[in-house]
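What follows is one structure encoded as structure tokens, with my remarks underneath.
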Amino acid sequence: MWVDRTEEVHRGLRLIPQLGEVMPEEANGEVRRIYEDMRARLRVPFVNFVFRMLANYPAYLSLSWNHLSPHLLTTSFERASDDLRSRALLEPLPVASVAPGLSSLGDLEDIRGFTDTIHYVLPKLLLVASALDEGLGGERGASVDTPEDAVSPGVAEGTSVLPMVAPDEAEGEVRSIFEEIQELHGHPNAASYYRGIATRPDFLSEAWRHTRPLVGSASYRKKKQELLENARDIVLGLPLPEREAALSAGVKEESLEEIGSILAVFRFRVIPDTFIEVVRIKALLDGPEDAGSSRFSFATR
């Protein structure tokens, strides 16, 4: 289906810590505008890790986002995201509506709201990262007219955000879990979801205890490959931001090589791994039936 990207992933893993993330409070000018549009078109109240890295290349971020963003509020894109989410639950399925251990942690409404929000956006992130990566790799995708938005841009009602615990500021068990997540997955850092739920260390610990034994298992690897293939099939039906267009916009070839390495890390590691695990944690919190769909999807209304 695609060539071995291991070397690119390793290059991206070295590059990401060197570049650092452009956090929303640090963004200005065009990057700030794009961040605001991302929230509105992905319908969540935060900017995800992959975009905070791509913001180190503002010309590319602007070109690629402006190219792809008109398609993100269409019913077809929303349904495609819903379909990916419905396929992402890893077996064996949890048998309890609330996993033992989680039910003893007290009020989890803030955790539930944040989990539901990440659970909603992750399939969209996998599609966006796949589309950007395919475009850089030379795929053109379909020739599609610019669509009319199915819904107006704006953060979905009820979505929520938690403050993130910065990995370099984490202490004690939280630091240990972050380091284990990073090492076990081969990620550049703990994903935004884990940084958010780290505001409740007891929940982070219990959720990771339930999740860790499945990471890297045969069923995990199979599910991940299925999601990657499904996502690729979907994005080839979109017009993809092409390498030649980026070069014409003044993005240097060297920068495109770096961007390709960063996208490979997120497409093949960070996003699908986190996607599988958040869907699993959603099932542990609310039961397997609720894990297959999102209350924020406008395609199901």
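The values are calculated or read from the model by the stated rules, or taken from the named source; none is laboratory data. Treat the numbers as computed from the prediction; the structure is a model and nothing was measured. We place every Cβ from the backbone using ideal geometry, glycine too, and count neighbours over all the protein chains shown. These accessible areas exclude ligands, DNA and RNA; they are computed on the full protein's heavy atoms, side chains included. Shrake-Rupley method; radii C 1.70, N 1.55, O 1.52, S 1.80 Å.
Assorted remarks:
- Where ALA59 falls short, out of the listed (1) within 13 Å of the chain's Cα centre (by Cα); (2) farther than 30 Å from GLY287 by Cβ: (1)
- Test: residue in the stretch 193-213 that is touching a strand residue (DSSP E or B) at 6+ places or on another chain (Cβ under 6 Å), buried (at least 19 other Cβ atoms within 10 Å of the Cβ) and closer than 30 Å to GLY135 by Cβ: no
- The lone exception for ASP83 - which of (1) within 23 Å of THR146 (Cα to Cα); (2) at pLDDT below 95 it fails: (2)
- The one condition in (1) of a type in the set (A, V, I, L, M, F, W, C); (2) open to solvent by 20 Å² or more (accessible area, probe 1.4 Å); (3) touching a residue at least 40 places away in the same chain (Cβ under 8 Å); (4) closer than 30 Å to LEU68 by Cα that ALA156 fails to fulfil: (2)
- If the condition is being in a loop (DSSP other than H, G, I, E, B) and open to solvent by less than 10 Å² (accessible area, probe 1.4 Å), then the stretch 262-295 contributes only GLY287.
- Scanning the stretch 115-155 for residues being among the small types (Gly, Ala, Ser) and not in a helix (DSSP H, G or I) gives a total of 8.
- Filter result (farther than 28 Å from ASP202 by Cβ and touching an Asp or Glu at 6+ places or on another chain (Cβ under 6 Å)) within the stretch 101-160: GLY135
- Options GLU229, GLU289, GLU254, GLU244; residue that is under 26 Å from GLU91 (Cα atoms) and without any contact (Cβ under 8 Å) to a residue 12 or more places away in the chain: GLU289
- Qualifying positions in the stretch 236-262 - closer than 28 Å to SER86 by Cα and at pLDDT 95 or above: ILE262
- Any chance ILE259 is within 30 Å of SER104 (Cβ to Cβ), touching a residue at least 12 places away in the same chain (Cβ under 8 Å) and open to solvent by less than 10 Å² (accessible area, probe 1.4 Å): no
- Enumerated helices (runs of 4 or more DSSP H) restricted to the stretch 156-254, each holding at least 1 residues that are more than 22 Å from LEU13 (Cα to Cα) and under 21 Å from the mean Cα position of the chain (by Cα): 192-197, 201-211, 218-235
- Flag if LEU136 is of a type in the set (A, V, I, L, M, F, W, C), surrounded by 14 or more Cβ atoms within 10 Å (Cβ to Cβ) and at pLDDT 95 or above: no
- Scope the stretch 6-47; condition buried (at least 20 other Cβ atoms within 10 Å of the Cβ), outside any helix (DSSP H, G or I) and touching a residue at least 40 places away in the same chain (Cβ under 8 Å); matching residues: ARG43, VAL44, PHE46
- Options ARG112, ARG85; residue that is open to solvent by less than 10 Å² (accessible area, probe 1.4 Å), over 26 Å from ALA27 (Cβ atoms), assigned to a helix (DSSP H, G or I) and touching a helix residue (DSSP H, G or I) at 6+ places or on another chain (Cβ under 7 Å): ARG85
- Scanning the stretch 51-61 for residues that are buried (at least 21 other Cβ atoms within 10 Å of the Cβ) and of a type in the set (A, V, I, L, M) yields MET53, LEU54, ALA55, LEU61.
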